Structure formats: C-alpha cells, structure tokens
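Data block below; observations after.
The values are calculated or read from the model by the stated rules, or taken from the named source; none is laboratory data. Not measured: the values here are computed from a predicted model. Positions of Cβ are generated from backbone atoms using ideal geometry, with glycine treated the same way; all protein chains shown enter the neighbour counts. Note: areas computed on protein heavy atoms with side chains; ligands, DNA, RNA excluded. Shrake-Rupley method; radii C 1.70, N 1.55, O 1.52, S 1.80 Å.
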Amino acid sequence: MVPGHFAVAGINFAPMYNFNRYFRAGLSADIQYDEGSNLSKYWIEGTHDEDIKFRRPPLKDCISAGVSIRGELVMPIFSINMGIGRNFIACRENRNFYQILALKVHIMPQAFLHIGYQLNSFKNPNNLMIGFGYRFHDKR
C-alpha cells in the first residue's frame, strides 16, 4: 500500500438481457482511469517510508479498458451484480482478469445507485466503486 491520494474514475456500458423477472445477464464494456496503478516504475529514488514520492504516470499507463460478462439477480429494492472480465487495452502490468461484485439499489424505476468492489487476478483488491446508473429500457 502506498500513502497518498490517487484519482480513480470509471464507466461501463452493460446491455443486459432479461431472461426472466429475477435474472438478467450480458456483456459490459468497462473503461477505468487509475492514477495509482503501475506506480513502481515512477518511484522517485531517495524517497522512502512516509515521505515516498512518485512522478505522475502518463495517461497511457493510467487507462485500462476491458470486456466483462455480467449476471444480475434482480429483487424488488436492489439487485446483486457479479461479473468477470479481462482488460485488453492497458499497459502490460494491467492486462489481467478482474472480478466485480456490486449492489444496485433502485432509487427510481430506471435509475440506480451502484456500490461495489473490484478484484484483479482473482485475489488482489483493486478498488471500491460507487456510482450512479441509468437503465434505458426496464421491464421488471
């Protein structure tokens, strides 16, 4: 773990097929900007422990994009979303598998609050996610 604050932002577009009123699934296109990823080669020599410093990585080392398959258990107030994916556009260190577990709280018929967690390579914590989502077509 590295002390400090690093910007993280992401977006996903996930068209889902409603198999029935309790389950939907589909593919998701995921894009993430993570300023704190792949920092080892940007470490400033001579800085250690509490005073460790890094140069700002270039944009190409902070962006990753991938595709995931998602499944969602639908309930009246919330949905549980699970997915597994792989980054295809990223620096070599970030081309890995990632897993997502999220809770979608329905706040309006077509809008939801998205709270979740992402792992990479089936074991390493990546980041906590919180966001807002919109369903273009919903038949619950």
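Contact map, the range 97-112: residues that are farther than 16 Å from Ile69 by Cα paired with residues that are acidic (Asp, Glu) and surrounded by 13 or more Cβ atoms within 10 Å (Cβ to Cβ), Cβ distance under 7 Å, separation 6+ or inter-chain. Pairs shown: Pro109/Asp138; Gln110/Asp138. For residues that are modelled with pLDDT of 95 or more and among the aliphatic types (A, V, I, L, M), tally how many sit in the range 78-94. Total satisfying the criteria: 3. Any chance the range 66-87 includes a residue that's open to solvent by 60 Å² or more (accessible area, probe 1.4 Å) and closer than 20 Å to Ala7 by Cα? Scanning the range 66-87 turns up no residue that is open to solvent by 60 Å² or more (accessible area, probe 1.4 Å) and closer than 20 Å to Ala7 by Cα. Is it the case that Ile44 is loosely packed, with under 12 Cβ neighbours inside 10 Å and either modelled with pLDDT under 95 or touching a helix residue (DSSP H, G or I) at 6+ places or on another chain (Cβ under 6 Å) (or both)? Answer is yes for this residue.
Residue-level check: of (1) within 20 Å of the chain's Cα centre (by Cα); (2) free of Cβ contacts under 8 Å to residues at least 60 places away in the same chain; (3) surrounded by 15 or more Cβ atoms within 10 Å (Cβ to Cβ), Phe54 misses just (1).
Restricting the range 95-119 to residues that are over 15 Å from Gly10 (Cα atoms) and of a type in the set (S, T, N, Q), the residue that is modelled with the highest pLDDT is Gln110. Residue by residue through the range 106-132, note down the ones that are assigned to a strand (DSSP E or B), surrounded by 12 or more Cβ atoms within 10 Å (Cβ to Cβ) and among the aliphatic types (A, V, I, L, M). Passing the criteria: Ala111, Leu113, Ile115, Leu119, Met129. Ile11 fulfils the conditions (1) closer than 15 Å to Asn81 by Cα; (2) open to solvent by 60 Å² or more (accessible area, probe 1.4 Å) except for a single criterion, (1).
Counting the residues of the range 67-85 that are under 15 Å from Ile11 (Cα atoms) and not aliphatic (A, V, I, L, M) gives 4.
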